[in-house]
Amino acid sequence: MKNLPLLFTTAVAATSGLVFGTMQAASALNWNWNYSGTGITANGNFITNNTPNDLGFYLISGISGTRNGETITGLQPAGTPVPGNEPFNVDNLIRLNTQQLSTNGFGYSTSGGNYSSPFFADFLSTPGYLEVFSAIPLIPGFQNFGPEDTELAIRFSASIITVPEPTSIFGLVTLGTLGAGLALKRKKPSKFTEKKLEKIS
């Protein structure tokens, strides 16, 4: 068959494209998260990398959701504090553990011009989660908390809702290999077919 090399190359290319496409799609994880406390309700989604660090933490790269009816508008960059809580930098780390947030926590802004920073407070007599909330007008420095600002205990929870699926990758490889194998099997006509063709000509 003259088209055999072309068919084989197409099968391999298609399989490779699907495999690498699947791997690329799995390079980020999606999470559900929520927390609540006295007068606080917040929930939404995170996007993180798919490889945890040595302590099991994933890095948050994107956030969406709401806090008390205000839309979350952005993630506070890691290594910076939310306005009004200087100099405490967030690290935007999350993990699947009893203690899911680090002592630096994550931060975000809301549509009302306010900022929030949930974190794990290991300095409490009974360690737990707190949320620092900085509301406008924003005055730099954590010691300048006004009556509009709060630091309250919360219950925090997060879970992964999408994970990489290595089985689908292996399935695609198998499918591609099988297709290529079938194409190779048909490359040469049988002796019976050759004789038939000679009689016709």
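The values are calculated or read from the model by the stated rules, or taken from the named source; none is laboratory data. Everything numeric here is computed off the predicted structure, so don't read it as measured data. Glycine gets a Cβ as well: all are built from the backbone with ideal geometry, and neighbour counts include every protein chain shown.
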Identify, by number, the condition in (1) modelled with pLDDT of 65 or more; (2) surrounded by 15 or more Cβ atoms within 10 Å (Cβ to Cβ) that Gly176 doesn't meet.
-> (1)
If Trp33 satisfies every condition in (1) over 18 Å from Asp149 (Cα atoms); (2) assigned to a loop (DSSP other than H, G, I, E, B) but one, which is the exception?
-> (2)
